[in-house]
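Here is the structure we will look at.
The values are calculated or read from the model by the stated rules, or taken from the named source; none is laboratory data. It should be emphasised that the depicted structure is a prediction, and the values quoted were computed from it without experimental measurement. Every residue, glycine among them, receives a Cβ derived from its backbone with ideal geometry; neighbour counts consider all protein chains shown. The accessibility values were calculated without ligands, DNA or RNA, using every heavy atom of the protein model including side chains. Shrake-Rupley method; radii C 1.70, N 1.55, O 1.52, S 1.80 Å.
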Amino acid sequence: MRIRNIGIFAHVDAGKTTLSEQLLLHAGAIRKAGSVDSGTAHTDSLPVEQRRGISVRASCVRLDWKGVAINLIDTPGHADFSAEIERSLWALDGAIMVVSAAEGVQPQTELLFEALREQGLPVLFFINKVDREGADVPRVAAQIRRRLSSRAALVGEADQVLEAVCDADDAVMERWLAGEALGEPELKERMAALARSGGVYPMLSGSALKGLGIEPLLDAILKYLPEPAATSDALCGVAFAVARDRLLGKGLWVRLFAGRLENRAQLTLPGRVDPLTGEPPPVQNKITQIRDVSGADRGSLSAGEIGVVYGLGQMKIGQVIGSGDALPRKVRPGTLRTPLMTVRVVPEAPEKLTALAAACETLSDEDPLLRTRYVKATGELQMEVMGSIQLEILQEELKSRFDLNASFEKPTVIYRETIAHAAEGYAEYTWPKPCWAILQFIIRPAPRGSGVRFRSEVPAREIAPRYQHQVEQALPLALNQGRLGWRVTDVDITLVGGSHHQFHTHPLDFIVATPWGIQDGLRAGGSVLLEPILELRLRVPQDCVGHVMSDITAMRGEVTAVESSEDFAAMTALVPVASSMDYAARLAQSTGGRGGMSFRLHSYRECPMELGATAPRRSVDPLDTSKYILAARSALEGGIFDLDG
C-alpha cells in the first residue's frame, strides 16, 4: 500500500511545525514555506494559532514523495494540549520525534516518546536546529540513546547501527559474538526492517529553518516507517478529530483500518448512552460526503486511508466505526494526560449564559476530555481543563469563533474520594408501589490505583440476573459523587443480599435503588479525600538544583531521582497538584528561563481535609429519600444522576 500515515511530535519550540512546512515544500505540496512567527504556517489554520504562533489542534496535510502518499499529522507541542496529541496516535502507523540539537532531550520529549513506545509505534528521530549556536549532534544523539532508548542509532554511524541491531535481534547478536563479519548492506537492510516494526529507532539530523536534511528525511520516512498493515475485510475505523464545514456542518476525521466507506452508505452506529439503562441505542446514519486529506471530494475511503466523513450525526471522537477487532491499539482518552483542574466559566452578562454553555459544549465535542457541565445547585458553568495556557486559548476561541466574552475563575483541583473502612449499604425501594428493589452491599477500601471492583454473591432466585446486571450498570453513575462530592474510587463492592418481586418490580427499580444503597454504605464507612499527585520531570541548571529541591519540599513533594550532566541536571519529583499549579512559571523565573519541566498524573494519595476541598452535589442526594424518589419518578426537577459527570 503506497501510503504512510505519520505524526510529528516534539517538545515545544523544537521546530516541529517548521519541519512540517519544509517537508511540504520539498515534496512540492506548497510553493512557499509558511512561518510560525508570521502566522502563515499551513498546519496552523486556526486564527488563535496564527496569532499566538503555537499549535493548538492537530492538523493533517498530504504530500507525495517518490510515488508514496504521506498523510502528515502535525501535533501541538505544549503539554496543555496533550489530548490532541493522544488522539493523533490513534490514526498513525509511525512517528517523527523532533529534538533540538542545542537543547537536547527535554522533559516533554521523554513523555511523548514513552507514549509512542507504549502504543508500539515506530519512531524516527530528527535532530533539528544543527545551525544553532551550541548545536551538538553527537552529544544529543548520545543523550537520546542514554535517556530514551539504547536502540536509537544515527544513520551512517556503523558502530551505533551494529549495536542497535544486535540489541534488538538475538540472531544477529549471536552471529556477531561468534565472530562472523556482518556486511554493511545486510545491517542496513536489517535496521530498516527492525525500524518498521519499532525494534530500533534511526536518527537523522538537519535544520528545518535552513532546509537542511529534509530530502534525506523524506527518504527515511519511506524506508524506516511502515505502510498501513493489511487487515480483514470487516469495517473498522476510528474518529480522532472534528472538522467543521460552513455548508456540510460537522465532519469527523476518520482513520480506516479495514473495510471501505462510501458516500450515501448507511451506517449503524452507537448513539448517546442512555443514563438509565447504560446502553447506547443504535442509530442509523447516512454518509453525505467523504473528503480526503487535501480536501477533495473522494466519494470513498479505503483501508489504510485518512479522510473527513460527513453525516455521522452525534458520533463522538474516540468512537469506533464497525468492529474494533482490527484496531492495532487501544482507543482510550486520557492515557497521556487527564484534566486535573475544574474552572468556573463566567459570561460577561447573565443573559449570555445559555449561548456560552452551547459554545462550551461545542468545544467539548471537539475535545472529549474538555468536559463541560452546568451545575443546577449553584447555577455555575464548569469545565475540566489541563492548565493555564489552555484557558488562555479557550478564552480566545470563545471570542473569535462564537463572539462571546467570557472569563475564568481560579481553577480548583479535581479530587477523588474513597471509603475509610468497610461498611454495609442498604436500600429498600418498595414504596409507593408499584416498585420493588431491595439491595444490600458490603463496601470495602481497596489498594490505591485499583479503581472499582464489583462482584455479586446473591443467587438468581433472590435477584434475577437481569436486575443484577442493572446494578452493575448503575455503579459508575452511583459513584460519580461520594459524600464529599468527588468521584469515588479504590473500592471493592460486593452485592450480598436483596430481592426482587415477581409482580411489583419494574424494569428500572434496581437502577433507582443502586445509588441509594451505595451512598448509604459510603455514609456508614466514612470518607477519605484523595488528591492527585504529579510526576514532574525537570531539566534545570546545576547551580539551581538546590533551589529547586527546596521548592519541591515546600510544595509537600519529594525528589525521587537526579541525573547530573556537565551543565544541567535531570530531576524527577512527586508533588501534589494543589501546591504546584503555577510552578512551571515560577521555575522559568527562578532559573532565568533556562529550566523546563513536564508532568503527568502519577497517582492519588490521602489528603487532610484542611488542605483539600469538597464539591457541591450536582443531583438529588439519594439519602434525601423522599426527594430522591420523587426525582426518580420525574415528579421533581433535578434528576437522580449527575448525567454529565
Could you list, in sequence order, the residues of region 15-36 that are of a type in the set (A, V, I, L, M) and either buried (at least 19 other Cβ atoms within 10 Å of the Cβ) or in contact with a Phe, Trp or Tyr (Cβ under 6 Å, 6 or more places away or on another chain) (or both)? Leu19, Leu23, Leu24, Ala27, Ala33, Val36
Among the residues of region 79-116 satisfying the criterion of being in a loop (DSSP other than H, G, I, E, B) and within 23 Å of Arg539 (Cα to Cα), which is nearest to the chain's Cα centre (by Cα)? Gln106
Which of the residues spanning region 222-231 are farther than 21 Å from Glu86 by Cβ, surrounded by fewer than 21 Cβ atoms within 10 Å (Cβ to Cβ) and either among the acidic types (Asp, Glu) or at pLDDT 95 or above (or both)? Leu222, Lys223, Glu227
Filter result for the condition that a residue is surrounded by fewer than 21 Cβ atoms within 10 Å (Cβ to Cβ), aliphatic (A, V, I, L, M) and farther than 30 Å from Ser634 by Cα, over Ala524, Ala578: Ala578
Looking at Thr505, Thr494 in this structure, which one is touching a helix residue (DSSP H, G or I) at 6+ places or on another chain (Cβ under 9 Å) and among the polar types (S, T, N, Q)? Thr505
Region 237-265 - residue that is in a strand (DSSP E or B) and among the basic types (Lys, Arg) and, of those, least open to solvent (accessible area, probe 1.4 Å): Arg255
Checking Arg373, Arg344 in turn, the sole residue that is touching a residue at least 12 places away in the same chain (Cβ under 8 Å), of a type in the set (Lys, Arg) and open to solvent by 70 Å² or more (accessible area, probe 1.4 Å) turns out to be Arg344
Restrict the check to region 437-444 and report whether at least one residue is out of contact with any Cys (no Cβ under 8 Å at 6 or more places or on another chain), open to solvent by 60 Å² or more (accessible area, probe 1.4 Å), more than 30 Å from Pro76 (Cβ to Cβ) and touching a residue at least 60 places away in the same chain (Cβ under 8 Å). no
Quick check on my filter: what residues within region 281-310 are without any contact (Cβ under 8 Å) to a residue 60 or more places away in the chain and not in a strand (DSSP E or B)? Pro281, Ile287, Thr288, Gly295, Ala296, Arg298, Gly299
Exactly one of Ala101, Ala91 is modelled with pLDDT of 90 or more, in contact with a Phe, Trp or Tyr (Cβ under 6 Å, 6 or more places away or on another chain) and on the phi < 0 side of the Ramachandran plot, and that residue is Ala91
Being touching a residue at least 12 places away in the same chain (Cβ under 8 Å) and in contact with a helix residue (DSSP H, G or I) (Cβ under 7 Å, 6 or more places away or on another chain) narrows it down to one residue among Ile533, Ile518; which is it? Ile518
Return a yes/no flag: does region 202-209 have any residue that is among the aliphatic types (A, V, I, L, M), outside any helix (DSSP H, G or I) and more than 18 Å from Lys16 (Cβ to Cβ). no
Could we say that Ala234 is out of contact with any His (no Cβ under 8 Å at 6 or more places or on another chain), of a type in the set (Gly, Ala, Ser), surrounded by fewer than 19 Cβ atoms within 10 Å (Cβ to Cβ) and not in a loop (DSSP other than H, G, I, E, B) here? no
If I go through region 232-263 residue by residue, how many of them are at positive phi and modelled with pLDDT under 90? 1
Filtered residues of region 157-215 (kept if of a type in the set (Ser, Thr, Tyr) and either surrounded by 16 or more Cβ atoms within 10 Å (Cβ to Cβ) or within 27 Å of Ala101 (Cβ to Cβ) (or both)): Tyr201, Ser205, Ser207
Just a yes or no: is a residue in region 409-430 free of Cβ contacts under 8 Å to residues at least 24 places away in the same chain, open to solvent by less than 50 Å² (accessible area, probe 1.4 Å), over 30 Å from Leu353 (Cβ atoms) and assigned to a loop (DSSP other than H, G, I, E, B)? no
Filter pass, Glu103 being closer than 28 Å to Ala326 by Cβ and either of a type outside the set (A, V, I, L, M, F, W, C) or open to solvent by 10 Å² or more (accessible area, probe 1.4 Å) (or both): no
Which one of these is outside any loop (DSSP other than H, G, I, E, B), at pLDDT below 95 and under 25 Å from Val620 (Cβ atoms): Gln468, Gln473, Gln440? Gln473
Report every pair of residues separated by at least 6 positions or lying on different chains whose Cβ atoms are under 7 Å apart, first residue within region 180-196 and among the basic types (Lys, Arg), second in a helix (DSSP H, G or I). Arg190/Val165; Arg190/Val172; Arg196/Tyr224
Only residues that are part of a strand (DSSP E or B), open to solvent by 30 Å² or more (accessible area, probe 1.4 Å) and more than 23 Å from Thr412 (Cα to Cα): list them for region 540-568, please. Val559, Thr560, Ala561, Val562, Glu563, Ser564, Phe568
When the residues of region 457-472 are filtered to those that are touching a residue at least 24 places away in the same chain (Cβ under 8 Å) and under 33 Å from the mean Cα position of the chain (by Cα), which remaining residue is surrounded by the most Cβ atoms within 10 Å (Cβ to Cβ)? Val471
Answer residue from region 57-79, given it is out of contact with any Asp or Glu (no Cβ under 9 Å at 6 or more places or on another chain) and open to solvent by 10 Å² or more (accessible area, probe 1.4 Å) and is farthest from Glu215 (Cα to Cα) among those: Ala79
Going by what's in this entry, would Thr572 be described as modelled with pLDDT of 90 or more, among the β-branched types (Val, Ile, Thr), in a strand (DSSP E or B) and open to solvent by less than 40 Å² (accessible area, probe 1.4 Å)? yes
Which numbered condition Glu186 fails, given (1) outside any helix (DSSP H, G or I); (2) modelled with pLDDT under 95: (1)
Residue under question is Gln390, and the condition is that it be touching a residue at least 40 places away in the same chain (Cβ under 8 Å) and either more than 18 Å from Arg57 (Cβ to Cβ) or exposed (fewer than 15 other Cβ atoms within 10 Å of the Cβ) (or both); does it hold? no
